[in-house]
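To start, the structure itself, in structure tokens.
What follows draws every value from the coordinates through simple rules; no lab data is involved. The model shown is predicted, which means the values in this text are computed figures rather than measured ones. All Cβ positions, even for glycine, are placed from backbone atoms using ideal geometry, and neighbour counts span all protein chains on display.
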Ligand SMILES: Nc1nc2c(c(=O)[nH]1)N[C@H]1C(S)=C(S)[C@@H](COP(=O)(O)O)O[C@H]1N2
Ligand SMILES: [Mo]
């Protein structure tokens, strides 16, 4: 791919240091959670000796045997899709490499950061500056600030992962196989504890033949991963959506707040990784040949090497998938962007895009520190106006309208003023609450009266995008009519500061931040955005492959 110099500076920065800085509180909490059960196991062992697993405990699931093809196929697909999900997820994380328990994302309050940098408070430091490099061996698609493409891979994979999971669960429930995984006898918890005491005190528990029975702890581990961790990943993923959170205030509160949901989403990834390590280790040490024949061939053969050989091929295949995904991401990014949009269009149109924002926070919720993004305009027109407190500013509204108009800041301030305190969601992961006030977009629409063929509204900025050329974003006229779509000139009860988009910026609260153009120069009504810029509907969509629909 031929990258412009500016673009390549973004993707291949000099500073590629990797670091993981968890807070000591978090580390201590994790150590306690991990150690307490182990200590109890040792106390038990020292007092009463190694507990004996009643042989009957294996019998409750004895009426199902083997691994039918639907299990083996879904298991295989799950292995591929989870890898893509984890790798693209890590890439998304590195775009805002900090995790918090508070929803303001206050610098210094993160419980873990994946960057050596503390946030410099004395200079213009944007969230994009803060994004970190990730090796393409780990992240998909790798390098720095490739979140647009990473999200496409994440969403495409999750689409098929959920389909695969639903298929698996349905078959599990309609066959007797659910009895192997879903606890239906209280005895299993006792037996799982006995097995745990074995592992924790470094004894191997008696191992049933997995073809016919699972060991009780194994069975519970599968249950928790499939029926607790997986849904939790889906639900916390959705809790990061602006259209969800700004429509249903209770939803992120289920987890505490949006940043807690984001943190849990990451801890979920760690749990999956932890499961993977233990799962693979046990497959290897409890009869590798036989176990591989179970899950690959569905046979209980103890000697044939075919399972292991095919398993090795599956690992090679996974490496190939990752290689091809990487190539696709860099060679035909536009196609990926379009495919992912098509795949998710029904979901976006039916659910996320149609959720009208209506949440309000209160004054005490306003964030002390509010992250920022975007390049402050570097042209003389804007600079001259800024010198003069924007007295000469005129918002030009033009295009397919009956009455093209210009508005001074005074004109806009005389029109209906609406105020809202709301949570901002950046695609990168940070959020923050601020008060915004200005003119409802619907007022402007009413003044200029769009022609019947007008479908979209483009906000043009004085500022440039990452690669140069004016920043812009497009919305349907319908979206601009929402109650909380405002052209704001006030932030936190004062004039809109330069960094945050003076003299005028857009707020459209069911969308991610990149849709909210700052330093607005003009507003244009068009029939289609296909002939504008690179035709994707916005600067971020054109240059960074972000999705046009920005509700998730
Ligand atoms: N002109 C312009 N507007 C922009 C951007 C930009 O790069 N240029 N970035 C967007 C992004 S990605 C976000 S998250 C929000 C951030 O708004 P804030 O700086 O007020 O927090 O501005 C949006 N508006
Ligand atoms: Mo953003």
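Spatially, segment 408-425 and segment 450-468 are offset by 19 Å when compared through their Cα centroids.
In terms of the mean number of neighbouring beta-carbon atoms within 10 Å, the peptides 471-478, 170-177, 348-355, 75-82 order highest first as 471-478, 75-82, 348-355, 170-177.
Compactness of segment 356-410 is given as radius of gyration and Dmax, 17.0, 43 Å, from Cα positions. Overall shape: oblate for segment 16-142, with the ratio a/c of the largest to smallest alpha carbon gyration tensor axis at 1.5 or above and b/c at least equal to a/b. As an equivalent ellipsoid, segment 424-552 spans semi-axes of 21, 19, 14 angstrom, where each value is the square root of five times an eigenvalue of the C-alpha gyration tensor, largest first. Quick one: work out the % antiparallel among DSSP beta bridges in segment 363-544, nearest 5. Percentage antiparallel, nearest 5: 90.
For a test of the definition: using alpha carbon positions, the gyration tensor, and the 1.5 limit on a/c, classify segment 272-430 as rounded, prolate or oblate.
Prolate, since a/c reaches 1.5 and a/b exceeds b/c.
Rounded to the nearest 5, the antiparallel percentage of DSSP beta bridges internal to the chain is 90%. Both radii were evaluated on the Cα set of the chain; the Rg over Rh quotient, with Rh as the Kirkwood radius, amounts to 1.04. Shown for segment 339-476 is the translational diffusion coefficient from the Stokes-Einstein equation, using the Kirkwood radius over Cα pairs, a temperature of 25 °C and a viscosity of 0.890 mPa s: 136 µm²/s.
Which translational diffusion coefficient, to the nearest whole µm²/s, is obtained for segment 75-221 from the Stokes-Einstein equation, given a Kirkwood hydrodynamic radius over C-alpha pairs, 37 °C and 0.692 mPa s?
Answer from the Stokes-Einstein relation: 172 µm²/s.
Give me the percent relative contact order of the chain, please, defined on Cα pairs under 8 angstrom at least 6 residues apart. So the answer I get is 16 percent. Note on 126, 302: ascending count of other Cβ atoms within 10 Å places them as 302, 126, the fewest first. Relative protection proxy for 531-539, 411-419, from highest mean packing down: 531-539, 411-419 (other beta-carbon atoms within 10 angstrom). Distance between the C-alpha centres of segment 86-154 and segment 350-395: 22 Å, rounded to the whole angstrom. Highest mean packing comes first when the peptides 129-139, 95-105 are listed by Cβ atoms within 10 Å, giving 95-105, 129-139.
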